[in-house]
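The values are calculated or read from the model by the stated rules, or taken from the named source; none is laboratory data. Keep in mind that what you see is a predicted model, and the values were worked out from it rather than measured. Cβ coordinates were reconstructed from backbone atoms using ideal geometry, including for glycine residues, and neighbour counts include every protein chain displayed. These accessible areas exclude ligands, DNA and RNA; they are computed on the full protein's heavy atoms, side chains included. Shrake-Rupley method; radii C 1.70, N 1.55, O 1.52, S 1.80 Å.
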Amino acid sequence: MNSIPETRDNVRALYWRDASLNILDQRQLPSTITYHRYQTATQVSDAIRTMQVRGAPAIGIAAAYGVVLAARQRHGENPQTWRAALEPDLAELARSRPTAVNLCWALERMRQVIDTLDDSDPCPALLAAAQGIHDADVAANQQMGRLGAALLEDTRGILTHCNTGSLATGGFGTALGVVRTAYSSGVRNLYATETRPWLQGARLTVWELEQDGIAATLIADSAAACLMRQGQVQWVIVGADRIAANGDTANKIGTYALAVAARHHGVRFMVVAPTATIDWNTPAGNAIEIEERAGSELLPEYYQREDSLIRAWNPVFDVTPHELIDAIVTERGVVLNPARESLSSLR
Ligand code: MRU
């Protein structure tokens with residue numbers, strides 16, 4: 001494998017600088033690049049809830065930095081009671097989005113550090129922990145890129161869904177990390193779904209690829225089965241927000257439909273996610289809470305009037321049963337035909 005993937009990774013969703021968390025406002029992409037500078041945990045919770053930052057690993061990392069900001073504030077208010085005063089901040093961060101388990105995973109990691117601290121300034125230790133989570137995510141993504149790309153023998157075309165790249169992670173990306181790595185080893189036909197209704201594919205994925213000099217083709221979500229039928233793609237590669245202990249995978253709405261279509265057409269289906277995305281406490285996909293967002297994210301403005309008879313149902317994730325998944329790729333290894341037994345080897 002050559003070293004192109006590491007060099008083609010120019011975009012960052014968030015970074016820590018000058019005692020602040022800087023978050024790229026993804027609602028404004030691709031037309032405007034604006035980083036907001038945040039100094040409180042409430043601002044970070046709002047940024048997650050309103051999807052300025054999104055993608056399972058990225059919201060976990062943002063929440064970890066949010067804990068640093070909260071601890072600085074609470075310790076400044078009272079060095080004796082800061083730990084108890086921090087609890088509502090942790091709860092607020094945990095509530096900001098429900099489906100991606102990475103958020104609570106990162107908060108739990110930060111809580112483990114908090115439990116070791118005394119009344120002196122907690123910020124250096126907590127910042128080191130948040131940066132550690134951030135750096136480990138990038139390293140995991142690069143490892144998954146290598147492991148996932150190694151499965152792509154005889155692959156000419158790949159379809160990906162949503163945005164799972166540097167914008168959705170600490171950097172490099174999960175599924176999009178595999179796509180980057182495949183591209184640099186010669187797979188040139190890269191397709192991205194538009195990903196309605198929030199358009200993560202159209203606004204984020206193809207923008208991010210273009211920033212890194214990678215050519216790709218955007219398709220309407222509804223063109224995916226047709227693309228498969230024409231034999232243009234051999235793999236569908238997606239990320240995950242939560243993987244249950246049996247391998248059932250919650251990911252962006254539309255993932256399930258892609259997996260059904262892929263199986264019908266003999267196209268293989270890969271899920272790429274760090275082990276932080278596996279929720280060992282959730283036995284199967286039917287126990288995963290699926291976020292429903294406001295109908296206004298889906299309804300054309302015309303129907304948003306008070307007297308309209310039209311409502312929207314807007315679940316933003318769905319669950320793909322493990323039987324439809326050919327491979328789950330993590331930084332600890334690849335599980336083929338995932339099921340409860342085989343996945344537990346990653347524990
Ligand atoms: O609603 P979003 O944009 O946060 O949803 C993102 C996804 O569904 C991604 O596929 C998932 O978080 C994996 S990101 C590496």
Self-check item: Phi to ³J(HN,Hα) by Karplus 6.51 cos²θ - 1.76 cosθ + 1.60 over the range 332-344, Hz, x for Gly, Pro
Solution: 8, x, 10, 10, 8, 6, x, 7, 3, 4, 5, 5, 5
Self-check item: Spatial separation of Cα centroids for the range 104-123 and the range 169-244, in angstrom
Solution: 36
Exercise. Would you kindly find the accessible area of S222, with a 1.4 Å probe and non-protein molecules such as ligands, DNA and RNA excluded, rounding to the nearest 10 Å²?
Key: 110
Practice problem: Return the loop-located trypsin sites (Lys or Arg not before Pro) in the range 224-330 (DSSP other than H, G, I, E, B) with at most 13 other Cβ atoms within 10 Å of their own Cβ; answer none if there are none. | Solution: R305, R311
Self-check item: Residues A125 and R347, FRET efficiency given R0 of 30 Å [Cβ-Cβ distance, rounded to 0.05]
Solution: 0.60
Quiz item: Which value, in debye to the nearest 20, gives the size of the charge dipole of the range 109-212 about its Cα centre, when Lys and Arg are +1 and Asp and Glu are -1 at the Cβ?
Solution: 520
Quiz item: Toward the positive end of the charge dipole of the chain, about the Cα centre and with charges on Cβ (Lys, Arg +1; Asp, Glu -1), which of L176, L218, A85 goes farthest?
Solution: L218
Self-check item: Positive-end residue of V53, A64, L117, charge dipole of the range 33-130 with Cβ unit charges
Solution: V53
Exercise. With +1 on each Lys and Arg Cβ and -1 on each Asp and Glu Cβ, and nothing else charged, work out how big the dipole of the chain is about its Cα centre, in Debye to the nearest 20.
Key: 600
Exercise. Would you mind telling me the share, in percent, of accessible area of the chain contributed by carbon and sulfur at probe 1.4 angstrom?
Key: 49
Practice problem: Please give the peptides 16-22, 234-240 ranked by average Cβ packing (other Cβ atoms within 10 Å per residue), highest first, as a rough proxy for protection. | Solution: 234-240, 16-22
Quiz item: Three principal axis extents, largest first, for the C-alpha atoms of the range 222-306, in Å?
Solution: 45, 40, 19
Exercise. Express in nm, to one decimal, how much length is gained between D135 and R229 on full extension, taking 0.36 nm for each residue of separation and deducting their alpha carbon distance.
Key: 29.8 nm
Self-check item: Cα point-scatterer Debye curve for the chain, base-10 log of I(q)/I(0) at q = 0.09, 0.11, 0.12 Å⁻¹
Solution: -0.47, -0.70, -0.83
Practice problem: Go ahead and run the numbers for FRET between A284 and R332, Cβ-Cβ distance against an R0 of 25 Å, rounding to 0.05. | Solution: 0.70
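Please calculate how many Å² of accessible area the chain carries per residue, with a 1.4 Å probe and no DNA, RNA or ligand atoms counted. Present the calculation step by step, with values, prior to reporting the outcome.
Numbers: 14480 Å² over 347 residues.
With the other protein chains kept in place, the chain gives 42 Å² per residue.
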Quiz prompt | Cβ charges +1 (Lys, Arg) and -1 (Asp, Glu), total dipole of the range 14-139, debye | solution = 440
